Structure formats: structure tokens, C-alpha cells
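Heads up: the structure comes next, in C-alpha cells.
The values are calculated or read from the model by the stated rules, or taken from the named source; none is laboratory data. Note that the structure is predicted; figures quoted are calculated from it, not measured. Cβ placement follows ideal geometry from the backbone for every residue including glycine, while neighbour counts extend to all protein chains displayed.
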Amino acid sequence: MRLRRTIYRATDRIQGPPMAALLVAVFIVLAVVTRLSCRDPNGNTVFWPANSAMVVALMILPTRIAVPTLASCFVLNVGLDLVTHYTVFDSLLYCALNIAVSVLVAFLARTLCGATTDLSRFRRLATFGAIAFLAAAIESTVGEILDPGGSVKVQVLNDWLQWTLCDGFGFLITTPALLLSLGSARNAYPCDAGRLERWGLLLGAAILAAASFRFTQSPSFMLIYPLLVLTAFRAGAPWVLASILLTSLISCSLTTHGYGPLADHTASDLLLGQGMLQPFLVSIFLCAVPTNNALGEKRRNARRQLRMKDAVAYAATHDTVTTLANRDLFRRRLGALLHTPTDCAVLFVDLDRFKQVNDTMGHGAGNELLRAFSTRMLAIAGPEATLARFGGDEFAMLTPCGPTSRGLAHPDPEALCRTIIEAARMPFLLTSGPTRVPVQVSASIGLAVGLAQSWDGSELMRQADIALYAAKAGGRDGYRIFCDELDRSSRDRARLRADLEAALASGGQLRLHYQAKVDAGGRPRSVEALLRWQHPIRGPVPVNQLISIAEETGVIVRLGAWVLREALGFAARWPTLDVAVNVSPVQLRHPHFVEDTLQALRASAVPPGQIELEITETSLMDDLDSINGKLATLRAAGLRIALDDFGTGCSSLRHLHRCSVDRVKIDQSFVAALGDTAEAAAITRTVIELGHAMGLQVTAEGVETEAQRRYLVATGIDEMQGYLFAKPVAESALDADLRQPRRPAPLVDALMRQP
């Protein structure tokens, strides 16, 4: 996750000549003010914070800019020394020492403190303080050797201590404050104080410093501490820096002119002589260090809040599994692109057989597959495209398909679809236990193209969704482009969905027809209940279309329950006939399917052995273990199970071996080919022999010719079904024939003669 950079690191983005110019200006101000105002009775400058500007330059500026900055400060410093009556030798010596000690402090700070701009933590600040005083001690030692300030050892030691402490405190106090101010200049945390309050706090610090140092022997200057802490939390780092510098200059100036509680120290004191212990070195140090820490803590809190906000914003617009954009962000980018003079293409992508990976290898492997596929998609998409995951195995891609700012992005969306399909076909190595297992999947893609500034984003997404549905209905592992014909088909299906809901609620349009199944001698033994929908406007709705719509909308569960209740009612009225009822794979996966089926059976008082549930072989492919457990429970209750359309799925022998079934039904495609191909005859004979070997009954579907019947009887078929024997008829037709025994239908006549 890429979050916003921290506040201190914002300094890295403002490196360059403007920052160098600012630091040179700070150096000039600090040098001039301290040279003119902060002087001891001997005329020496007792406090030199100007070097901190050079330290900051070395810490945050690249070398190519830092070197000219140091050169500028050196020249200005020499000029200032010459103006203030220093000799040429002293000016060059002191300025060279300033450069050397600044380089030393910056180098050690970057190396030992672990940060270039953040010195607000106490550990880093303490380390920097040790570095500052070490560098100042080295500077003062070299300075005393080259230009001793006196002949007496005590005086030399006093000068050395003053030089070390004053420059050390100058580094320690001014450098962190300056870094904090510059680091917060462009990306500081939000401040609560308004403009008037900020100026009020600054002037209040100045007035308090001036008033406090008018009182001799009074500790009232310590009131600056809470005022600066308040400034830190209310106004922010730049105002704290300004307050520290302003109050330090006021206190130093007043003390050197004989005002304040520290103005009466004698020259005989080694540590306090010659005005060395200025108010700045006491009060401002006590204020600056905790204030600097307070600023750092507030900024760290602000940084944590920024991270939390960024994390929440990121989670609201990105998928947690693949880190791709989610649906909301995709919609926003689509809307923005549609308002540009660029055509765009929207691709909806579904991974085929993804559920099998999830069920057989676990959700961890499924998530790994999603991430691997998204990586391939990102490599294909290009920098101008937006790739999103909507949930499950649903992906979407938005890409310009015309001239863009970076050239021609995908001029042919169909070529892009073909590339994605080829990428999805390549095996994925997924973790399964301690090993890596290759997994093969495919992709279905729906494509919709929008012209620049002429489309609505929601409409374009709807079109891509329609095209995706058509690609999946067309056999998957391919793509479809949206067209008006698909739109008409989609709207037609939407109307049919609404009509099916109404038909199921009323019950008047739905009915069951029954088709006889006969034994080898042609005697009817059972019937199969077949659903029919007589639409009031469209007329008979094809069964495949009816079931497809019902499964798509989830109505299949209620529809299947209605079919089962109607079939149980028929079975109760025809106790001599076994009744077969088809079960959809969606019904079979429903968590309450077994419970609802057994409850309906108990309510009907029909013997369980009279009912046979027909399931398709393809329904076992989703979750064989779970489905087999449900089938075993139903068989234990007395129901019989038939495996329909046998031979059309995959791993058929595995299904026969592991599933709890009583009968297999040979698919009508094999029966129809009997007499035409030797392969169909061989498959049919093999299935019959295999079923008998496993103790199963075998039924042949779609028998329509006498030649087919003879072959099936010769190979030992148990039961046959097809138009050769009977077509599906309504129960009312059977009842009418029963009431007219003088003109019985052949099937009804046979049923009436059954013992």
C-alpha cells in the first residue's frame, strides 16, 4: 500500500535552489543579530546559532546544491567579520572553523542519529546534543591553539569552555527547531490556531521575555516554557521557531545590557564568567527541548491519523486480495474517461472453473489464483488502463482505445481480449500443502466500446455485463462484443424473469407433463415429471430457457420445490407408478435441500421408494464430497437416485464409483447415434455392462426408432424412454382417457392392465 509520505520526509520534496536561498537568508539573519546583540562585556559574541543553517543545508540538500550554499555562507560570514572589526586572519580562521564544524556535525548526525530531518525524539536529540558539543569542543580547541585568547591557563580554559558551550548550545537548540520548521513548511499537520491567535502567541512570547528580564533575580522567564508548548500545539512548528529565536534574542540582549536575573554573574566564575551563561542557554534551552519533543509528538500523531485516513480511503477504493481498484473506483475512472475526447473499451472478465479451485484446494489457493491472474492482467493492460476486481472471480478492465497522452493504447480491443484469454489458459502454479500444483482455468470476456463524450458509464458497464453473460452462455473460454441483438436478448430475458416470478406466484401457467418409461418388453413401469410453462403471450417457453432463467435468478429453488410437491401429488394418485423428478444443480447445492425434500415426502404420505430423483452428472463436478453426502442421506431415507445424461460430463467412472446412485441414464446423444457410428454402440454397450456390474439399473433416453429399441434390448437395457413409446402428456389427459375406457390410449390401456 502506497501511503502519503510522512511530514518530515516532505522536506525531501522541497530540495533545490529555493531551499538553499532560504537557508542562506536564515544564516545571514542569525549571524547579524547575534553578532550585534549577543555580546559579552569583552565584546565577544557569546552565542553563535548561525552554523545551524549550514548543518541543515548539509543534511537536507544534495551535494551539488549544498556546496554552493556553504560557499555563500562562508563569504557572507567573512564579510560580516571584517565589518565588525575582526582581522583578516581571525575572520578566515573563524569562518573556516565554522565550515569544518558544520560538516562534522552534519556528517555525524546523518550517521548516528538515523534521520536527516527528524530530531524530535529524545534519543535522537540526545545523540545530536553529544555530537554538537563534541564538534564545538574540537572547534574551540583548534581556535585556542591557533589564536589563544589569553596567557593565563585559567583564562584560556574559561575561553575554551565559553566557546564550547555557546557553540554547542547554538547547534543543539537551533538546528532541530530549524529542521522542524522547514520539514513542516509545505506538509505540516493541521493547526487549530487562526492567523490572529498565531500572531498573538508570537507577540506574547516576546512581551513575556522582555517583561521577565526586567526583574533581577526573578525566575519569571520560565513562563516562556508553557507558552511555547501552547504555541507548538496550537500554531505549529514555524511559529515555535520564530518564538524561540525572538525570545532568545530579547533575553540575550537584555542580559548583556545588565538586565535580568543572570546579569550579575562575576568574571571570576569559570563557568559563568564573561556573560557566558546567557538566559538563552538556560530558559530557551529548557523551553526548546521539550517544545521540540512536543512538536514531534503532535506531528507523529498527525502522521498516524494520515496513515489511518489513507488506509481507510485505500480500503474503500481497492480490493483487499489483489490490491486492484474496486467497483466504486472503477466507476469514477470510467466516468472521468468518458468526459475526455478518447474512445474507451470496458471488459468484464470472469475466470471459468474458479469455484472448483476454491472447493478442491481451499480459499488460500483461490486467492493465490486471483492474485496471479491479476498480475498477468496488469502486465497486459498497460499504464493507461484501469484494472478492477468486483468480487469473486469477476474482473473489469477500462482502457482507452484511441490516441492517448502516451501514444496508441489498445487500438484493437478484440486483440486485447484474445491476449487475456491466452494468458488465462496458461497454467497457474498454486500452493497445495507442501507442493506447488499446476491449475488450468480459462476466461470469459464481455466487451463494450464507448465513444468519447457520448456514453453513460453505468450503461457501458451494463453492456459489458450483457456481453459477458453471452460469452458464458456460449460455452465460456471466449469473448463476445456487445451488440443490439444481445441487448434485445437481455431485455427479453429480464422480462421473462419477471413473468416467471409472477407465474410461480399464481401457479396457473406452470404445469407438469409425464412421459412414460418402459421395460425391455415395452411395459410401462414409471414416468418422468417434466415441467412446462405456457406463457399467456409467448406460448410454450422452451424448457432449457425456463431452467436457465430460473437458475440465474435463484427462483429454481422455489420452482423445484413446487415441482416436487406436484409430482408427489401425482404419485399419491398413481400408487402403481414410480415417478422421476429432475433436480437442478443449484437445488442440490442449497443447504436445506435434503431437509426440505424429506419434509415434503413426509407430508405427502407417498412411499419413498416410489420417488426417483434425477441429477445430472455435471452437478457432481462442483463439490463431489458434499453432494455425495446429501445423496447418501436421501437414499438412506428410501428415495432412489438416478444419474442423468451419463457420459456427457468428465470423470464418469469416478462418479459411478463414489456416488450413491441406483440408476444411470444413457444420454440421448449416444442413443440417437446408434446405427450411425460404431463408437456410439460401443459406448452404449459398455455403459450397460458397467452399470449391471455395479448393481445399477440402466435407462436409455431418446429412443425414437425400432432399430434403436432392438439394439438396446439385445444389449440388456433395463428401461427405455422416448417418443417411440410415448410423448409427455398432462395428467388431465390421462384422467380423461381413464374416464373413457372405450377409446383408451395405448399407454393408459397398458397402465390400467398393470397388476
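For the reader, a short list of remarks on this structure follows.
- Selection status of Ile537, surrounded by fewer than 21 Cβ atoms within 10 Å (Cβ to Cβ), farther than 19 Å from Ile641 by Cα, touching a residue at least 12 places away in the same chain (Cβ under 8 Å) and out of contact with any Pro (no Cβ under 8 Å at 6 or more places or on another chain): no
- Sole residue being assigned by TED's automatic domain parsing to the domain that holds Asn51, over 23 Å from Arg35 (Cα atoms) and modelled with pLDDT of 65 or more, chosen from Ile224, Ile250, Ile244, Ile207: Ile224
Each row is one residue, and each column tells you yes or no for (1) over 30 Å from Thr699 (Cα atoms); (2) surrounded by fewer than 21 Cβ atoms within 10 Å (Cβ to Cβ).
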{"position": "Gln463", "(1), (2)": "yes, no"}
{"position": "Ala467", "(1), (2)": "yes, no"}
{"position": "Gly475", "(1), (2)": "no, yes"}
{"position": "Ser490", "(1), (2)": "yes, yes"}
{"position": "Ala498", "(1), (2)": "yes, yes"}
{"position": "Leu504", "(1), (2)": "yes, yes"}
{"position": "Gly522", "(1), (2)": "no, yes"}
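- Scanning segment 597-626 for residues that are under 20 Å from Ile547 (Cα atoms) and either in a helix (DSSP H, G or I) or modelled with pLDDT under 85 (or both) turns up Thr597, Thr616, Glu617, Thr618, Ser619, Leu620, Met621, Asp622.
- Residue, nearest to the chain's Cα centre (by Cα), within segment 506-515, restricted to residues that are touching a residue at least 12 places away in the same chain (Cβ under 8 Å) and surrounded by fewer than 16 Cβ atoms within 10 Å (Cβ to Cβ): Gly507
- The residue list Val527, Val563 contains one member that is of a type in the set (A, V, I, L, M), outside any helix (DSSP H, G or I), surrounded by 18 or more Cβ atoms within 10 Å (Cβ to Cβ) and at pLDDT 85 or above, which is Val527.
- For segment 686-719, a residue qualifies if it is surrounded by 15 or more Cβ atoms within 10 Å (Cβ to Cβ) and within 14 Å of Phe646 (Cα to Cα), and the qualifying residues are Val687, Ile688, Leu690, Gly691, Leu696, Gln697, Val698, Thr699, Ala700, Glu701, Gly702.
- Tabulated pairs, segment 231-249, first in contact (Cβ under 8 Å) with a residue 40 or more places away in the chain, second aromatic (Phe, Trp, Tyr) and surrounded by fewer than 24 Cβ atoms within 10 Å (Cβ to Cβ), C-beta under 7 angstrom, 6+ apart or interchain: Thr231/Trp239
- Enumerated strands (runs of 3 or more DSSP E) restricted to segment 432-519, each holding at least 2 residues that are out of contact with any Gly (no Cβ under 8 Å at 6 or more places or on another chain), among the aliphatic types (A, V, I, L, M) and on the phi < 0 side of the Ramachandran plot: 435-439, 442-450, 510-519
- Residue count for segment 26-46, restricted to those that are at pLDDT below 70 and either outside any helix (DSSP H, G or I) or of a type in the set (Lys, Arg) (or both): 8
- Residues of segment 574-592 classified as in a helix (DSSP H, G or I) and at pLDDT 90 or above, total: 0
- Qualifying residues in segment 182-197 (those that are modelled with pLDDT of 65 or more and assigned to a helix (DSSP H, G or I)) - the one surrounded by the most Cβ atoms within 10 Å (Cβ to Cβ): Leu182
- Long-range neighbours under 9 Å by Cβ, at least six apart or interchain, first residue free of Cβ contacts under 8 Å to residues at least 60 places away in the same chain and within 14 Å of Leu631 (Cα to Cα) within segment 580-594, second among the aromatic types (Phe, Trp, Tyr) and assigned to a helix (DSSP H, G or I): Val583/Phe593; Gln587/Phe593
- Scanning segment 141-158 for residues that are modelled with pLDDT of 75 or more and either of a type in the set (Asp, Glu) or outside the structural domain of Ile99 (by TED's automatic domain parsing) (or both) returns a single hit, Glu144.
Per-residue answers, yes or no, for (1) assigned to a loop (DSSP other than H, G, I, E, B); (2) modelled with pLDDT of 90 or more:
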| position | (1), (2) |
| --- | --- |
| Leu631 | no, no |
| Asp644 | no, no |
| His657 | no, no |
| Leu674 | yes, no |
| Thr686 | no, no |
| Val703 | yes, yes |
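- Top-ranked residue in segment 544-560 [being at pLDDT 85 or above and touching a Phe, Trp or Tyr at 6+ places or on another chain (Cβ under 9 Å); ranked as surrounded by the fewest Cβ atoms within 10 Å (Cβ to Cβ)]: Val557
- Of Arg331, Arg353, all but one fail to be closer than 29 Å to Met426 by Cα and modelled with pLDDT of 80 or more; the exception is Arg353.
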